[in-house]
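**Q** Quick one: this structure, given as structure tokens, is what I'll be asking you about.
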Amino acid sequence: MTLLSFDWPLLLEKFVLIAIIVFTTLGIALYTTFGERKVAAILQDRPGPNRAGPFGILQPLADGVKMFTKEEIIPTHANKWLFILGPGLAMVAALMTCAVIPWGGTVHIFNRDVVLQVTDINIGILYIFAVVSMGIYGIMIGGWASNNKFSLISSLRAASQAISYELAMGLSLIALIFVTGNLSLGEMVKQQQTHWWNIVYQPLGFLIFFICAMAECNRTPFDLPEAENELNFGYHQEYSSMKLGFYLFAEYINMIMSSAVMASLYFGGYDIPFVDDNLLYNSSGIWHTLAPFCQVGTLLLKIVFFIFVFMWIRWTIPRFRYDQLMNLGWKTLIPLALINMVITGSLIILKINHWHF
Amino acid sequence: MNLIQIIFWFLSSFAVISAIMVLVSKSPVHSVLWLIAVFFAISGHYILLNAQFLAIVNLIVYAGAIMVLFLFVIMMMNLNKDTDPQKNIWIKLAGAVSGGCLLMVLVSLVKQATEINGKEAMLGKGDIGLIGTLGKVLFTDFVVPFEISSVLFLSAMVGAVVIGKKDSKLENN
């Protein structure tokens, strides 16, 4: 049986890892919805959800039950298959990003060294780009299949916004790749463990990346696709029940994933600040066992911080007008990213020449 | 048949069936979606050849950007099977015959090419498709064609801007 000559334990290991990551992400996304409502409430000086359970902690479960038990409506002239495919694609594309994110170091369990990253392909960043561009299809197909003019216009808006901001995002990342010299996320985090975090070398690049990530996630001030005062409700207007839930949920998962990517690229990923991680690994006793879990915790803390910043911005800044959005993307961010790229490139060449012109 | 062969046959049949569906489906939006499926299958082939960079760039550029624009235009124009003009049966027949002739020429060309006769594709090994190797080759051995092709892209971009630019004289009148 040469056909079945896999490394079965490896397959099992990866399968368990993927299951843990996906379910943890879903859990965090569930509570991000709760967090969003609480943050909004605090910023607007009101109590927020506080009825279901202590401090309203069961509110996401109540929302989930509500979503599942609502009536499922498919519009009469809608294309049924594509109508269902839309939210599914959005969800799949959102979750696929987690495959290349390094969640932590190495765990030694059952006599195996388990790396807390599903796969460390040498083109990790490009993989993320490919997945992000697949996410657009979820919105476009859903908006078109609804057979509703408002949904269609809003999905086209979403697509043009995503394409415009992907350009600036890619250009800002090229400067980062100049600095790190490779495209694998695992390698990048390892470099940041021994050197400074990349934010020190690329502050402008990070700012551009952050703005573009916000636009890719359709978060306010970039939530033009859901501009309810112009487009009724946006691309998911005809959706009800859990299909609507998937669209809303995919937005939160995108937020988590872009926070994780930002933390990994610019803020050291799972690197514990002010602590030498290798020292922790080489020490004996309880810290040796706990080290990978501390790293995962650190990454999660960084993710939660970024999510909070996302929410903070959402409830502080009003929405852009569409021409302002396009002007910002094409006339401000892309030139800035290009200048950043030129400066970074010339500095690196100067450094290779030992600072001689 | 080992695992790689099974994957190869699966991907190939998936690509061919999707390509046929591009032609057969009546709605242009469905055609575009099937074309995206073809790109995915071809990217799978690239990965089998250990050309990960090509695979992912194929997805980013073709499936992620160009097809989105196609879809954009088709959705914006609201093209569907009612508005799509149905071609004459003779024109369809002529298209099928000429397409078949082209296929025959290509197949006979591949069969006669002595360079590839009896050679096997490098599956899962060979590092020419990896990003580091590819970058070195492009910027040393093939730097002139590479730069010339970038000039071609630039001229296409300038052309698009010129076509898309509003005529200021027309607007003033």
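**Q** Quick check on this structure: which one of A:Thr24, A:Thr106, A:Thr32 is surrounded by 19 or more Cβ atoms within 10 Å (Cβ to Cβ), within 29 Å of A:Thr298 (Cα to Cα) and of a type in the set (Ser, Thr, Tyr)?
**A** A:Thr32
Conditions (1) β-branched (Val, Ile, Thr); (2) within 21 Å of A:Asn218 (Cα to Cα), marked per residue:
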site: A:Arg51; (1), (2): no, no
site: A:Ile73; (1), (2): yes, no
site: A:Leu85; (1), (2): no, yes
site: A:Leu95; (1), (2): no, yes
site: A:Gly104; (1), (2): no, no
site: A:Val107; (1), (2): yes, no
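**Q** May I pose another question? Between A:Leu265, A:Leu338, A:Leu333, A:Leu299, which is surrounded by fewer than 21 Cβ atoms within 10 Å (Cβ to Cβ) and assigned to a helix (DSSP H, G or I)?
**A** Unique residue meeting the criteria: A:Leu338.
**Q** Look at the range B:35-48 and say how many of its residues are within 15 Å of the chain's Cα centre (by Cα) and within 14 Å of chain A (Cβ to nearest Cβ).
**A** Matching residues across the range B:35-48 total 9.
**Q** Taking the residues in the range B:22-53 that are in contact with a Ser or Thr (Cβ under 8 Å, 6 or more places away or on another chain) and among the hydrophobic types (A, V, I, L, M, F, W, C) as candidates, determine which candidate is surrounded by the fewest Cβ atoms within 10 Å (Cβ to Cβ).
**A** Step by step, filter the range B:22-53, then rank; the result is B:Leu23.
**Q** With the condition kept exactly as written, say whether any residue in the range B:81-92 is within 14 Å of chain A (Cβ to nearest Cβ), surrounded by 18 or more Cβ atoms within 10 Å (Cβ to Cβ) and touching a residue at least 12 places away in the same chain (Cβ under 8 Å).
**A** No, there is no match, as no residue in the range B:81-92 is within 14 Å of chain A (Cβ to nearest Cβ), surrounded by 18 or more Cβ atoms within 10 Å (Cβ to Cβ) and touching a residue at least 12 places away in the same chain (Cβ under 8 Å).
**Q** Restricting attention to the range A:69-92, does a residue exist that is free of Cβ contacts under 8 Å to residues at least 60 places away in the same chain and under 30 Å from A:Tyr266 (Cβ atoms)?
**A** Among the residues of the range A:69-92, at least one is free of Cβ contacts under 8 Å to residues at least 60 places away in the same chain and under 30 Å from A:Tyr266 (Cβ atoms), which makes the answer yes.
**Q** For the range A:61-71, check the following and say yes or no: at least one residue is more than 14 Å from every other protein chain (Cβ to nearest Cβ), within 29 Å of the chain's Cα centre (by Cα) and assigned to a loop (DSSP other than H, G, I, E, B).
**A** yes
**Q** Next question. Just to verify a result, which residue in the range B:19-34, among those that are in contact (Cβ under 8 Å) with a residue 24 or more places away in the chain and farther than 12 Å from A:Tyr137 by Cβ, is nearest to the other protein chains (Cβ to nearest Cβ)?
**A** So, considering only residues that are in contact (Cβ under 8 Å) with a residue 24 or more places away in the chain and farther than 12 Å from A:Tyr137 by Cβ, the one nearest to the other protein chains (Cβ to nearest Cβ) is B:Ser27.
Quick grid of which residues meet (1) within 11 Å of another protein chain (Cβ to nearest Cβ); (2) closer than 30 Å to A:Leu325 by Cα; (3) surrounded by 21 or more Cβ atoms within 10 Å (Cβ to Cβ):
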{"residue": "A:Ile74", "(1), (2), (3)": "no, no, no"}
{"residue": "A:Asn79", "(1), (2), (3)": "yes, no, no"}
{"residue": "A:Thr97", "(1), (2), (3)": "no, yes, yes"}
{"residue": "A:Arg112", "(1), (2), (3)": "no, no, no"}
{"residue": "A:Val115", "(1), (2), (3)": "no, no, no"}
{"residue": "A:Ile125", "(1), (2), (3)": "yes, yes, yes"}
{"residue": "A:Ala145", "(1), (2), (3)": "yes, yes, yes"}
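**Q** Looking at the range B:3-18 only, could you name the residues that are among the aliphatic types (A, V, I, L, M) and within 14 Å of chain A (Cβ to nearest Cβ)?
**A** Result: B:Leu3, B:Ile4, B:Ile6, B:Ile7.
**Q** Then there is this: Based on this model, can you work out whether B:Val61 counts as in contact (Cβ under 8 Å) with a residue 12 or more places away in the chain, aliphatic (A, V, I, L, M) and within 12 Å of chain A (Cβ to nearest Cβ)?
**A** It is false that B:Val61 is in contact (Cβ under 8 Å) with a residue 12 or more places away in the chain, aliphatic (A, V, I, L, M) and within 12 Å of chain A (Cβ to nearest Cβ).
Values in this text are rule-based calculations from the coordinates and carry no lab data. Quantities reported herein were computed from a predicted structural model and do not represent experimental measurements. FYI the Cβ positions are ideal-geometry reconstructions off the backbone, even for glycines, and counts take in every protein chain you see.
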